[in-house]
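*Asks:* Quick one: this structure, given as structure tokens, is what I'll be asking you about.
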Amino acid sequence: MAAQPVSRVVRRVLRASVRSCSSGAPVTQPCPGEPVVEVLSRPRPFLGEHAAPFSAFLTDSFGRRHSYLRISLTERCNLRCQYCMPEEGVPLTPKADLLTTEEILTLARLFVKEGVDKIRLTGGEPLIRPDVVDIVAQLRQLEGLTTIGITTNGINLARLLPQLQKAGLSAINISLDTLVPAKFEFIVRRKGFHKVMEGIHKAIELGYSPVKVNCVVMRGLNEDELLDFVALTEGLPLDVRFIEYMPFDGNKWNFKKMVSYKEMLDTLRQQWPELEKLPEEESSTAKAFKIPGFRGQVSFITSMSEHFCGTCNRLRITADGNLKVCLFGNSEVSLRDHLRAGASEEELLRVIGAAVGRKKRQHAGMFNISQMKNRPMILIGG
């Protein structure tokens with residue numbers, strides 16, 4: 001394939017997106033249960049020692065220390081992405097059964113007190129929650145919390161980001177699976193491509209670096225755009241993250257639709273043989289690469305073909321208050337019910353510790369996962 005610094009498709013996309021940029025700058029330039037003693041006594045083969053003792057309640061039986069918490073703020077979304085939910089939508093939890101703002105903050109305080117230093121807010125679409133800015137501001141007050149991130153579809157990002165940044169938001173992931181506006185509408189079943197591009201502009205303008213762009217790669221749909229996405233990293237501080245297509249309830253996952261990390265990497269290396277691997281943190285979910293001279297980088301989330309369970313440090317709380325210790329596991333425990341029953345902090349920690357202690361060594365593998373009953377991604381917090 002002949003080398004092209006930026007394809008005609010990308011140029012057309014970027015020119016079109018300028019119309020939606022509030023600052024008027026082109027996209028190619030930045031705009032101005034289990035006994036605690038058992039958990040502690042088991043070997044810890046995977047992760048290195050922390051400088052300070054880490055919470056027994058957040059340490060599983062394989063020594064993995066869970067310092068990263070993802071909190072879903074809502075089950076609702078203003079898009080209908082094909083890989084995230086079935087076309088007919090999903091039954092939503094009654095509002096009274098969702099976590100209140102105070103319950104979210106109570107749980108966040110407890111986890112941070114035990115050693116969580118990174119919280120990512122997810123959904124549904126977290127930016128449709130009316131008090132999202134206030135939640136970020138209150139999380140910023142938690143001593144020991146070093147990173148507050150958000151994963152968003154970008155539709156409301158340009159409008160809210162200045163307030164979110166002032167409140168303390170430190171990291172942004174934006175979902176974008178195509179650079180073709182018509183294909184965008186097909187994938188997400190809604191309009192909004194130019195609003196997402198405007199959100200990317202705004203994040204760059206406000207100094208976020210890198211701005212992470214999440215792209216779920218599906219064969220026959222968008223694998224032909226890999227090179228166009230990578231070309232964006234030449235002049236922009238983006239981390240384009242290609243995610244292997246994963247099975248969730250209702251998304252009609254098929255192994256033949258999945259484009260593996262190695263296949264994607266081979267495609268990129270045919271175009272850019274100088275692509276170089278970057279060092280990664282021990283608990284990182286991404287394999288990162290960079291083309292020398294490019295401003296940004298590209299990463300791969302290899303959940304299906306090369307799992308990273310051995311160094312997993314993530315826990316999830318769903319919008320209805322369930323703790324999930326594994327994205328692909330169907331085992332959950334309701335922290336909401338214990339909160340509303342008046343559980344003390346010590347009782348909550350015992351519940352959390354028991355759930356973490358039951359976490360398996362690794363997920364069941366792509367073929368077994370596809371047969372398991374699990375929530376649609378929209379109800380987990382992606």
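*Asks:* Using the Cβ atoms and a cut-off under 13 Å, what net charge is assigned to the surroundings of VAL213, where Lys and Arg are +1 and Asp and Glu are -1? Could the numbers behind the result be given before it?
*Replies:* Working: positive: LYS212, ARG241; negative: ASP177, GLU225, ASP228, ASP239.
Net local charge, VAL213 excluded: -2.
*Asks:* At 1.4 Å probe size, with no ligands or nucleic acids counted, give the accessible surface of CYS309 in Å², nearest ten.
*Replies:* About 20 Å², rounded to the nearest 10.
*Asks:* Could I ask something else about it? Residues with beta-carbon under 12 Å from that of ILE148, excluding ILE148: net charge, scoring Lys, Arg +1 and Asp, Glu -1? Intermediate results must be reported in sequence, preceding the final value.
*Replies:* Details: positive: ARG70, LYS118, ARG120, ARG140; negative: ASP117.
Result for the local shell: +3.
*Asks:* Next up: May I ask you to derive the FRET efficiency for GLU281 and GLU88 from their Cβ-Cβ distance with R0 = 30 Å, giving the value to the nearest 0.05?
*Replies:* E between GLU281 and GLU88, to the nearest 0.05, is 0.15.
*Asks:* Separate question: Using only protein heavy atoms and a 1.4 Å probe, report how much of MET258 is accessible, in Å² to the nearest 10.
*Replies:* The accessible area comes out at roughly 10 Å².
The values are calculated or read from the model by the stated rules, or taken from the named source; none is laboratory data. Keep in mind that this is a model prediction, so the values were computed, not measured. In this analysis, Cβ positions are derived from the backbone assuming ideal geometry, glycine residues included, and neighbour counts consider all displayed protein chains. For accessibility, only protein heavy atoms count, side chains too; no ligands or nucleic acids. Shrake-Rupley method; radii C 1.70, N 1.55, O 1.52, S 1.80 Å.
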